[in-house]
Every structure is written in C-alpha cells, then in structure tokens.
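Notes for the one structure printed next.
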Amino acid sequence: MAFRAAVIVFPGSNCDRDIAVALEKTAGKAPLMVWHTETSLPKVDLIVLPGGFSYGDYLRCGAMAAQSPVMREVKSRGDAGVPILGVCNGFQILCEAGLLPGVLLRNAQLKFICRDVTLKVETDQSLFTNRYAAGQIIQIPIAHADGNYFADTRTLDALESENRIAFRYSTPEGKTDSSANPNGAAKNIAGIFNKNKTILGLMPHPE
C-alpha cells in the first residue's frame, strides 16, 4: 500500500508546497492538502504542519492556528499514534496546541534569521531519525524570527532524561555551545519529540 501523508494548510502558510514536493519525491505519491477548516481527515500515515506565518503570526506564532477546526482531529490522530511532523511554524503550532511541551519565543537577537545551520542528531531511536546515526552532524537551513525554544527546568530535564531532544544546534565539530546557538534556544534545542517519539517538532526546514 502506498504511503499517504496529509499536509495541513493554514492562512499564511508559505512552505506547504515545499513540503508537499519533498513528500511526493520521498513517498512517490502526492500528499493530501487539507485546509484548516476541515473537521475530519481520511486515513493517513503522516500528518505534517508546514512552515510559514499562519494567521500572520498574530498574538503568538501558531496560537491562532492551534485553535483551527482541523487541529481537534490532528490531536485525536496524534493521541492514536499517527506520526506528526511540525516544521518551523508547525513546531510553534504543536507547542501552542499542547502536543509538544514548551514554547517558541522571539530570537534572542530580536531579528529574523535565514541561513544554513549545523545540527547534531541527538538520537536515532525514532521513526523520524532512524536513518541517521546518533551524534551525526547535518546541515539544514533555518528561517524564523521566533525560534527560541523555552521550557521550565522540569520540562527540560524530562526531555533530557527521556531522550526526547531530537536535534541541537551545534558547531561543525559537534559542540553544542552558545557559539552554535542561532536564536538563544534552551540547551541549543532545535527539535523535540513527544513521549512516544511519534510527534516531532523542529525549527530548521528539512524540506
């Protein structure tokens, strides 16, 4: 059976086509493009929340999109174990919807950043990262103004102890220190999982 993905499209999304092209090249089948007002989804193997500026980034980035009608179904599918990927604004939406912990704040420099960054793969124990090796260094572009991941100490400790940090900003040599941190994110976090590692949110754009 062919792999079927669904891309959720919000007003202001501008990377939905990019992720759709990447998914079609990867899976061999075009994904479903689902408008945010839908209240149901057909059976799919992956749900993607793309990057962009949903609702013009009013209030907080992703806050309005998290209340869209389709998100009730996205949450239900996530609870049932359907894999969900949120990229950049999609990561913000996942956090605002409570599907991932923490929040994405304004970049520490208070400027929009668009450039390639190096990342360290923190774990290969997930369906999203099992083609990588733990500790592998990869390069992916970022394009955001609100990518500064923040969570309280208890949440950050849980992410560490449960191996739920997917990627960290790093130097090309693999150092995850402040020199490699483009936006001020806590612990250089670029992407995290839910407890079952079936939901991934990341700021860089793999598409």
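Can you name the number of the only condition in (1) open to solvent by 40 Å² or more (accessible area, probe 1.4 Å); (2) under 17 Å from the mean Cα position of the chain (by Cα); (3) at pLDDT 95 or above that A108 fails?
The failed condition is (2).
Among the candidates I142, I138, which residue alone is outside any loop (DSSP other than H, G, I, E, B) and either basic (K, R) or under 14 Å from the mean Cα position of the chain (by Cα) (or both)?
Within the list I142, I138, the selection yields I142.
Being of a type outside the set (G, A, S) and touching a Leu at 6+ places or on another chain (Cβ under 9 Å) is the filter; apply it to the range 165-187 and report the residue that is most open to solvent (accessible area, probe 1.4 Å). Give the derivation first.
Our first condition is that a residue be of a type outside the set (G, A, S); within the range 165-187, this holds for 165, 167-169, 171-173, 175-177, 181-183, 187.
Subset that is touching a Leu at 6+ places or on another chain (Cβ under 9 Å): 165, 167-169, 183, 187.
Working: I165: 6, F167: 9, R168: 25, Y169: 0, N183: 0, K187: 88 Å².
Step by step, filter the range 165-187, then rank; the result is K187.
When only residues in the range 1-55 that are open to solvent by 60 Å² or more (accessible area, probe 1.4 Å) and among the hydrophobic types (A, V, I, L, M, F, W, C) count, which is nearest to P83 (Cα to Cα)?
For the range 1-55, the residue satisfying everything is F3.
Which is among the hydroxyl-bearing types (S, T, Y), over 14 Å from the mean Cα position of the chain (by Cα) and under 25 Å from G174 (Cα atoms), of T123, T37? Even if it seems obvious, please write down each step before you answer.
Values: T37 fails: under 25 Å from G174 (Cα atoms).
It is T123.
What are the pairs with Cβ atoms under 6 angstrom where one residue, in the range 167-195, is among the aromatic types (F, W, Y) and the other, located anywhere, is assigned to a helix (DSSP H, G or I) and surrounded by 17 or more Cβ atoms within 10 Å (Cβ to Cβ)? Sequence gap at least six, or different chains.
Y169/A180; Y169/N188
Just one of D157, D146 is acidic (D, E) and touching a residue at least 60 places away in the same chain (Cβ under 8 Å); which is it?
Among D157, D146, only D146 is acidic (D, E) and touching a residue at least 60 places away in the same chain (Cβ under 8 Å).
Quick check: is even one residue across the range 16-31 aliphatic (A, V, I, L, M) and in a loop (DSSP other than H, G, I, E, B)?
Looking through the range 16-31, at least one residue is aliphatic (A, V, I, L, M) and in a loop (DSSP other than H, G, I, E, B).
Is there a residue in the range 152-161 that is closer than 22 Å to L85 by Cβ and either touching a Cys at 6+ places or on another chain (Cβ under 9 Å) or part of a loop (DSSP other than H, G, I, E, B) (or both)?
no
The values are calculated or read from the model by the stated rules, or taken from the named source; none is laboratory data. Computed from a predicted structure; not experimentally measured. Backbone-built Cβ (ideal geometry, glycine too); neighbour counts: all protein chains shown. Heads up: the accessible areas ignore ligands, DNA and RNA and are worked out on the full protein's heavy atoms, side chains in. Shrake-Rupley method; radii C 1.70, N 1.55, O 1.52, S 1.80 Å.
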